[in-house]
Amino acid sequence: MSLAGRDLITMSDLSTEEIRALLDTAGQMAEAIGFGDAGKRHASERLDRIMATCFFEPSTRTRLSFESAMLRLGGSVLGFSEPGGSSVAKGETLADTARTVSGYADILVIRHPKMGAAKVAADAAEIPVINAGDGAHAHPTQTLTDLFCLKRRFDRLDGLTVGLFGDLKYGRTVHSLGATLARLGSQVVCIAPEQLAMPKRYLDEIEEISGERPQCVTSVDGVLGELDVLYATRVQVERFPEEEREGARAIAADFVVDAALMERAPENMIVMHPLPRVEEINPEIDDDSRAAYFEQAHGGVPVRMALVAHLLGLLEDERNAFRGFERRGDERPEAVASPGRARQEAEEGPDSASAERKCRNDRCITWEERFLAGFFQTMPCGEVCCAYCEEPLEEED
Amino acid sequence: MSLAGRDLITMSDLSTEEIRALLDTAGQMAEAIGFGDAGKRHASERLDRIMATCFFEPSTRTRLSFESAMLRLGGSVLGFSEPGGSSVAKGETLADTARTVSGYADILVIRHPKMGAAKVAADAAEIPVINAGDGAHAHPTQTLTDLFCLKRRFDRLDGLTVGLFGDLKYGRTVHSLGATLARLGSQVVCIAPEQLAMPKRYLDEIEEISGERPQCVTSVDGVLGELDVLYATRVQVERFPEEEREGARAIAADFVVDAALMERAPENMIVMHPLPRVEEINPEIDDDSRAAYFEQAHGGVPVRMALVAHLLGLLEDERNAFRGFERRGDERPEAVASPGRARQEAEEGPDSASAERKCRNDRCITWEERFLAGFFQTMPCGEVCCAYCEEPLEEED
Amino acid sequence: MSLAGRDLITMSDLSTEEIRALLDTAGQMAEAIGFGDAGKRHASERLDRIMATCFFEPSTRTRLSFESAMLRLGGSVLGFSEPGGSSVAKGETLADTARTVSGYADILVIRHPKMGAAKVAADAAEIPVINAGDGAHAHPTQTLTDLFCLKRRFDRLDGLTVGLFGDLKYGRTVHSLGATLARLGSQVVCIAPEQLAMPKRYLDEIEEISGERPQCVTSVDGVLGELDVLYATRVQVERFPEEEREGARAIAADFVVDAALMERAPENMIVMHPLPRVEEINPEIDDDSRAAYFEQAHGGVPVRMALVAHLLGLLEDERNAFRGFERRGDERPEAVASPGRARQEAEEGPDSASAERKCRNDRCITWEERFLAGFFQTMPCGEVCCAYCEEPLEEED
């Protein structure tokens, strides 16, 4: 199993076997850097590879997590955060930026406000591309980081009951996590205000994968006792329609994790959160051994180390401890097909659709990227979606 | 004497023995990097440690000085400068940011516009924290850098007469330098316009330490002949009350170091300045051998190298030349107590005060940081001050 | 031939022998990093040198290209991009910033919006300075990068016919490229709308060098067949006088490189562009083997590696493959004369002029930099120009 030269745009790019392999390597990386236990750290040697962090919107936590991972691997980093006034401002396409930057580095990490942007970069770049968050679309390394936390706490990824708590409508994180947990043999319970309920398409997806439709409730009270994990997200009053704002504040108060809730919670239930947390987790519970959110964030480093190591082909068939990477000579990863060729393949393939169709999603990169022919794919469920942002072409019922 | 795992928030965190040890190491670092003499540089080896520079307000000189120090040590750097749009904007507390970032690095350098911010970060982070300037409160590495310049020029730190010149009211730098010089056995003379005189509390502090109250004058003329050092700071016309602006310009002109003043100055008197200088030092004196401000700034690199090396426990009991650090295995520095525990200790300790008291200083971090209980400490002089910004609780007379 | 300790401000700083030597080294660097052919990469070792990238205006492509070069050499990078709110905002002179930063690094790369800024930095800094673009003045590494692309494609730099296409009036890039090609024994053809024609002074310069005045046309049609290279630049409608905007759009359409034009072009004619391209090269030609602009941009890395290696004295007399640099001990490069001394030399030298003269160019650094005496030089053509921005003192006819 080799991930060398691959891109990671969404969790669908990885088989469950690959997910498990990545998490195994992450465990070895964690050990090598003395993660958690304040144990001994193995000295790393210089790695002659460069990561380019291309952040078209700032996200300090994610960016620093990637940069730390690359530096812990012994590599180097270059990049930008918020490209104000740079080539982007001069009207350069994202594809051109990605292709140019791919001449400066060995792996590219992109964060962008528009959905589908990561795929544009991956198609254009000649080096592996990792999606660090493309608008409301996907943020796969967040999901891998979440899984790593679960694995370390529970020593397994199947058979867990994870309560997704808070804003399940707008939360990109929980959409990806729910589906991935289903693939790995765990289940989720959706706990959200009605106005912020988990959208039907994700409930459909989970049911498709696991055979079971997730339970959905509007209060944690009835389900707390069953949970292995309470995965909290923030309920933002601004997300409610204007006329409902008054009631929204009261509802938001019901979606706070505090000492009182922890008192009633199972003694082995952990609390997770993608951070930053604002009001929804009271710091009074930070010293509770069940509060896992900081170790969750810190685990992002060995996870990203593992991912980068695999995509750069540093590990290949034999998984080694961090100390002794088996480097396969100095070969460059296999080049990705040029954008032109990718487009051709798409148009001629069975999943192509008429070039006259246009993505309906105004947050999709195809609305602003010049020279980008829309192209579409038929999803496993039969729906035709934009190949970039994965939003359906037809409006949902 | 070991500084491993410690934080550096203010100069009060260091004993005079520790200050001298740091400056000795700085001397070795300077030699190792070929500082000053354009001598041979010893090749440094890779150091598997990461510095996180967390600059909540930009300060290019200070940040680059720290980054250079870490790179000269063979280490790596990650960080941010001006967190616009990042987690901070999303309402994350400084404590959470510090705790998260401390999972990405081995040492954290913080610059923040609010007084007391460095202590918040130090309490929350699990790695050593260095204050690179927290509002009007403290900037200890500036003081260490100033001392290093004095040491190199005079080969001693006691028995010197240092003229603090310019704005002594708002200048954070001169407050810290004055007290530290007193601790080391040197004296200061305060030369400032009345409106920008050294505040009473610092004169009290110096008198407390040395037994002598510093001489205060409004013109350099009467004291120039006694000075070993003229430490210049900028007189900003904007600092004067509105109605006094007209006269302010004339006063500012009296606080300029130029060729005429150097003509009258002792031949061994050096001129220092924390930089940037604007009008207050005329570049016509830059080539005078007594002009020390650029070498002063450059000395900040070996000083910061020494500090980082000590805090990371790279040197321990035996001080070595840069070439051969004695690394004590790969152990992590001792973890700092969790914020919860620190707060508990403070509230139960003899220095605690009622939680209803609130810091009066609106430039203190406690005014904006959520979940941060005010807590107070009784200073050596008997005054009760905020434990973060160190401003007195009661208004001064 | 040694470039150790030198600065690179404009292409005039390099003899043709030095240009060729740099490009030879660039070829070795390219091979060492596995450029182009996806061949084997030689592992680089750690280089104990720091590059400071001082970008007073952001330019992501250029900055990342320099940073990649330094990291590929095994070195480190620190710096800033857009100094908002830093020392610059506090009124510090560029000279002071350059002098301070030169204590933090071994080589300084500056990008600045004002013409002549690179020279100010070079005079003040104590380390080699590379101009990464100073306003409309010069961007010599762009020219070297262009030449490297030509060398790789044609295996020579003389006897080529290069069509400069588009905006030749405001394009800094084509001004420098034209003159340098003439010095190397190649010729240019100027293809531009009348309103954006190559200015007389550059045509004069090329004629001075080569004995031939370049052909100037307003349409590519008549000359396409003679071209080895079509070097495209963007025609910006905003550059036309207001009253001509309507016609400008039609003119701009004639300066687009598309499949139709490529159909008519010679089969060995390559297309170059400094990037970013907006409308002027249609991506439909990206997969044409004659489209050289991305490999052109990528070649900037080995070119900058070569330049840095030479300026840092890493190569000296023997040019080695990247793998085995012959480092000349750990000596610092020779210090540049202090600004004071440089100014003195200028005023006493044969090229000096009365200090009362003032540069007429309001985009020149001398209009904003305090303490910078204007000084002037007589150019080879007899004209007296500002020594910083190189604009003539008298208005052109």
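Tell me the distances, shortest first, between C:MET1 and the same position across the other copies, using label points 7 Å along Cα→Cβ, in nm to one decimal.
The answer, with the shortest distance listed first, is 5.5, 5.5 nm.
With +1 assigned to the C-beta of every Lys and Arg and -1 to the C-beta of every Asp and Glu, and no other charges, what is the dipole magnitude of the protein assembly as shown about the Cα centre in debye, to the nearest 20?
2060
Please state, as a whole number in µm²/s, the translational diffusion coefficient that the Stokes-Einstein equation yields for region C:156-293 at 10 °C and 1.306 mPa s, with Rh defined as the Kirkwood radius across alpha carbon pairs.
105
Solvent-accessible area of B:GLU284, probe 1.4 Å, all protein chains present, reported in Å² to the nearest ten, please.
The value for B:GLU284 is about 110 Å².
Once the whole set of protein chains is in place, how much accessible area is left on C:TYR170, using a 1.4 Å probe, in Å² to the nearest 10?
90
DSSP loop trypsin sites (Lys or Arg not before Pro) in region C:135-186 with at most 13 other Cβ atoms within 10 Å of their Cβ, which ones?
Filter output for region C:135-186: C:ARG156.
How shielded is B:296-302 by partner chains, expressed as the average number of their Cβ atoms within 10 Å of its Cβ atoms?
3
Got a sec? What order do A:THR62, C:THR218 fall in by accessible area at 1.4 Å, biggest, i.e. largest, first? Before the final figure, lay out each step's value.
On the way: A:THR62 15, C:THR218 80 Å².
The ordering from most to least exposed comes out as C:THR218, A:THR62.
I want the antiparallel fraction of DSSP beta bridges within the protein assembly as shown, as a percent rounded to 5.
Taking every DSSP beta bridge within the protein assembly as shown, about 10 percent pair in antiparallel fashion.
Using a 1.4 Å probe and counting only protein heavy atoms, arrange B:GLU390, B:GLU383 so the residue with the most accessible area comes first.
B:GLU383, B:GLU390
Within 10 Å of each Cβ in peptide C:65-74, how many partner chain Cβ atoms are there on average? Round it to a whole number, please.
4
Per residue of A:275-283, how many C-beta atoms from partner chains lie within 10 Å of its own C-beta, taken as a mean? Kindly include the intermediate steps, with their values, before the conclusion.
Details: counts 7, 11, 5, 7, 2, 0, 1, 1, 8.
That works out to 5 on average.
Closest approach to the B-A rotation axis by any Cβ of B: residue and distance in angstrom?
Result for the B and A rotation: B:ARG46, 3.
For B:ALA122, what charge total do you get from the other residues with a beta carbon under 13 Å from its beta carbon, if Lys and Arg give +1 and Asp and Glu give -1?
Taking every other residue near B:ALA122 into account, the sum is -2.
Please give the per residue volume of the convex hull enclosing the alpha carbon atoms of the protein assembly as shown, rounded to a whole number of Å³. It would help to have the intermediate numbers written out before the result.
Numbers: hull volume 230.2 nm³, N = 1191.
In the protein assembly as shown, the Cα convex hull volume per residue is 193 Å³.
For region C:156-293, what is the charge dipole size about the Cα centre, in debye to the nearest 20, if Lys and Arg each add +1 at the Cβ and Asp and Glu each add -1 at the Cβ? Can you show the working numbers first?
Working: 14 positive and 26 negative charges, 99 e Å.
Computed charge dipole of region C:156-293: roughly 480 debye.
Quick test of your reading: applying the under-4.7 Å Cβ rule, which cysteines of chain B are isolated?
B:CYS54, B:CYS149, B:CYS381, B:CYS385
What are the distances, in nm and sorted shortest first, from the label point of A:LYS358 to the label points of the same position in each other copy, with each label point placed 7 Å from Cα along the Cα-to-Cβ direction?
Label-point separations across copies, in nm and ascending: 5.4, 5.4.
Between region C:249-285 and region A:87-151, how far is it from one alpha carbon centroid to the other, in angstrom?
28
Anything in chain A that counts as a DSSP H helix reaching 27 Å or more along its axis (C-alpha) with Kyte-Doolittle mean of at least -0.5? List them, would you?
none
Using only the heavy atoms of the protein chains and a 1.4 Å probe, how would B:SER12, B:SER210 rank by accessible area, largest first?
B:SER12, B:SER210
How charged is the neighbourhood of A:VAL217? Take every other residue with its Cβ under 12 Å from the Cβ of A:VAL217, and add Lys/Arg as +1 and Asp/Glu as -1.
Result for the local shell: -4.
Put the label 7 Å from Cα along Cα→Cβ for C:GLY382; what are its distances to the other copies, in nanometres, shortest first?
Spacings between copies for this position, smallest first, are 8.7, 8.7 nm.
With springs connecting C-alpha atoms under 10 Å apart, model chain A as a Gaussian network and identify which of A:VAL235, A:VAL301, A:VAL217 has the largest mean-square fluctuation.
Of the options given, A:VAL217 has the highest mean-square fluctuation.
How much of the DSSP beta bridge set in chain A is antiparallel, as a percent to the nearest 5?
10
Of A:VAL301, C:ALA265, A:GLY79, whose Cα points farthest to the positive end of the dipole of the protein assembly as shown (charges on the beta-carbon: +1 Lys, Arg; -1 Asp, Glu; origin at the Cα centre)?
About the Cα centre, the residue reaching furthest to the positive side is A:VAL301.
I'd like the accessible area for A:ASP7: 1.4 Å probe, protein heavy atoms, all chains in place, Å² to the nearest 10.
Around 40 Å² of this residue is reachable by solvent.
The values are calculated or read from the model by the stated rules, or taken from the named source; none is laboratory data. As the structure is a computational prediction, the values presented were derived from the model and not from experiment. Neighbour counts are summed over all protein chains in view; Cβ atoms, including those assigned to glycine, are modelled from backbone coordinates with ideal geometry. Each accessible area value is taken on the protein alone, full model and side chains, heavy atoms only, with ligands, DNA and RNA left out. Shrake-Rupley method; radii C 1.70, N 1.55, O 1.52, S 1.80 Å.
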